Amino acid sequence: MAKLYVTEDGANISIADRCVKVRYNENYCTKIPVETMESISIFGKAQMTTQCMVECMKRGIPVSYYSRVGSYFGQLESTGHVRVERQRMQCRLYDSEFALELGKRIMQAKIRNQEVVLSRYWRRSNCSLTEEMKMMRISENKIGGCSSIDQLIGYEGTAARYYFQGLGKLVDDPFKFHGRSRRPPKDEFNSMLSLGYSILINEIYGKIQSKGLNPYFGFIHRDKEKHPTLASDLMEEWRAVIVDSMVMSLANGHEILLEDFQHGTSDGAYYLTNKGMQKFIKKFDRKLCTETKYLKYVEYQVSFRRAMDLQIEQLINAMESEDASLYQPVQIR
């Protein structure tokens with residue numbers, strides 16, 4: 001299946017002869033068979049014809065809209081996959097023991113994955129991460145004894161602070177940073193993290209919808225206006241696995257350079273240039289297509305993109321049984 005990313009301002013997306021066509025200027029045109037199209041992501045001021053929009057909605061192909069620098073605006077979607085009974089079940093399980101136990105499993109796995117990412121780069125460095133690793137393990141262990149979601153989120157937040165403190169030490173000099181900054185990202189590394197998380201959450205958003213669930217009915221993250229909390233829940237175990245490790249590879253592998261960023265004068269933020277955006281998206285899509293055997297309940301290799309599908313199916317099984325132990329978060333090694 002094909003994922004289409006459009007990053008050029010002025011591009012035109014249309015449909016003809018059962019193909020999605022992207023035309024830019026007079027000299028560039030690409031065609032993708034609509035039967036193979038999984039999703040379309042538009043960054044900036046590209047245009048899509050009404051005929052193409054209608055065909056995407058008929059086929060359940062989500063179309064996501066971002067600013068040129070990666071801020072998410074919204075999504076064109078159909079309602080063909082809605083499963084009301086599953087969404088009622090989501091509501092019923094919100095403030096329940098199921099939600100707490102699911103949260104413990106996901107957040108502990110998230111911290112373990114962060115520890116693995118740190119360990120991989122720590123072995124090649126001369127810096128000390130003893131304090132960071134110690135505090136992350138303490139937080140991970142405390143999550144197991146939490147009696148409320150608020151407690152759980154508090155310990156996860158502590159682990160995250162030490163994790164990003166450690167990650168900042170491991171990045172090569174041009175991209176070194178001091179802690180996580182979000183809105184706006186105050187350095188190049190945080191800019192890449194924010195963009196990666198934005199794309200990832202909307203990748204998961206579309207997969208949640210395709211299974212008939214409601215992306216806004218979460219279990220761990222508390223109800224929040226205009227925020228897809230279930231997508232946030234399910235993204236947690238994938239953050240370090242997909243985005244953080246990929247951004248580290250881009251930075252320390254010198255695949256992306258400081259000249260691939262621009263500095264906003266009004267908000268002090270750092271954003272990728274168009275050339276940098278193309279590098280980032282190419283790397284991101286290649287990461288999602290990477291096949292691994294990280295899922296314990298699958299004996300064969302699957303891509304990260306397919307693994308996210310399987311995790312959502314596993315969540316549905318756990319919900320239907322009201323047994324959070326049936327959900328096995330991904331853990332890297």
- In terms of the charge dipole of the chain, which places +1 on Lys and Arg and -1 on Asp and Glu at the beta carbon, the residue among Val302, Pro184, Thr50 farthest towards the positive end is Val302
- Message: I'd like the distance between the alpha-carbon centres of segment 1-62 and segment 257-304, rounded to an integer number of Å.
- Response: 21 Å
- Task: Apply the Kirkwood formula to segment 20-109: the hydrodynamic radius equals the inverse of the mean of 1/r over all pairs of different alpha-carbon atoms; give it in Å with one decimal.
- Result: 16.4 Å
- Query: Based on the inverse mean of 1/r over its pairs of different Cα atoms, what is the Kirkwood hydrodynamic radius of the chain, in Å?
  - Reply: 21.0 Å
- Message: Give me the dipole magnitude in Debye, nearest 20, for segment 219-333 about the Cα centre, with unit charges on the beta carbon: positive for Lys and Arg, negative for Asp and Glu.
- Response: 500 debye
- Message: With unit charges on the beta carbons (Lys and Arg positive, Asp and Glu negative) and the dipole taken about the Cα centre of segment 172-264, which residue among Asn252, Leu234, Tyr197 sits farthest to the positive side?
- Response: Leu234
- Query: Per residue and in cubic angstrom, what volume does the convex hull of the Cα atoms of segment 284-333 have?
  - Reply: 74 Å³
- Treating cross-link reach as a plain straight distance, find the aspartates and glutamates whose alpha-carbon is under 18 Å from the alpha-carbon of Lys224, omitting any fewer than eight places away in the same chain. Asp95, Asp150, Asp233, Glu236
- Query: Per residue, what volume in Å³ does the Cα convex hull of segment 251-302 take up?
  - Reply: 114 Å³
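Given charges of +1 on the Cβ of Lys and Arg and -1 on the Cβ of Asp and Glu, with all other atoms neutral, how large is the dipole of the chain about its Cα centre, in debye to the nearest 20?
Details: 47 positive and 41 negative charges, 81 e Å.
The calculation lands at about 380 debye.
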- Message: Need one number: convex hull volume per residue for segment 129-287, Cα atoms only, in Å³.
- Response: 131 Å³
- Zone of Glu322's modelled label, taken as backbone nitrogen in segment 143-158 under 20 Å from a point 7 Å along Cα→Cβ: 148-149
- Message: Accessible area of the chain with a 1.4 Å probe: how many percent of it is carbon plus sulfur?
- Response: 48 percent
- Query: What are the aspartates and glutamates whose alpha-carbon lies under 19 Å from the alpha-carbon of Lys31, with same-chain residues fewer than 8 places away excluded?
  - Reply: Glu8, Asp9, Asp17, Glu55, Asp285
- Which links in Lys134/Lys207; Lys186/Lys275; Lys176/Lys293; Lys134/Lys293; Lys134/Lys176 stretch past 24 Å when you go from one Cα to the other? Lys134/Lys207; Lys176/Lys293; Lys134/Lys293
- Message: Report, in listed order, any pair from Lys104/Lys142; Lys3/Lys282; Lys169/Lys282 with a Cα-Cα distance greater than 20 Å.
- Response: Lys169/Lys282
- Hey, could you pull the Cα Rg and Dmax for segment 1-157, both in Å? 22.6, 62
- When the charge dipole of the chain is computed with +1 on Lys and Arg Cβ and -1 on Asp and Glu Cβ about the Cα centre, the Cα farthest towards its positive end, among Tyr163, Ile281, Ser14, belongs to Ile281
- Message: If the elastic network links every pair of Cα atoms under 10 Å, which of Asn317, Asn202, Asn126 fluctuates the most in the Gaussian network model of the chain?
- Response: Asn126
- Task: Over the chain, give the accessible area per residue in Å² for a 1.4 Å probe, as an integer.
- Result: 47 Å²
- Task: May I ask you to list the aspartates and glutamates whose Cα is less than 15 Å away from that of Lys58, ignoring any residue fewer than eight positions away on the same chain?
- Result: Glu35, Glu38, Glu77
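The values are calculated or read from the model by the stated rules, or taken from the named source; none is laboratory data. Predicted, not measured: the structure shown is a model, and the values here were computed from it. Cβ atoms come from the backbone with ideal geometry, glycine included; neighbour counts cover every protein chain shown. Accessible surface areas use protein heavy atoms only, side chains included; no ligands, DNA or RNA. Shrake-Rupley method; radii C 1.70, N 1.55, O 1.52, S 1.80 Å.
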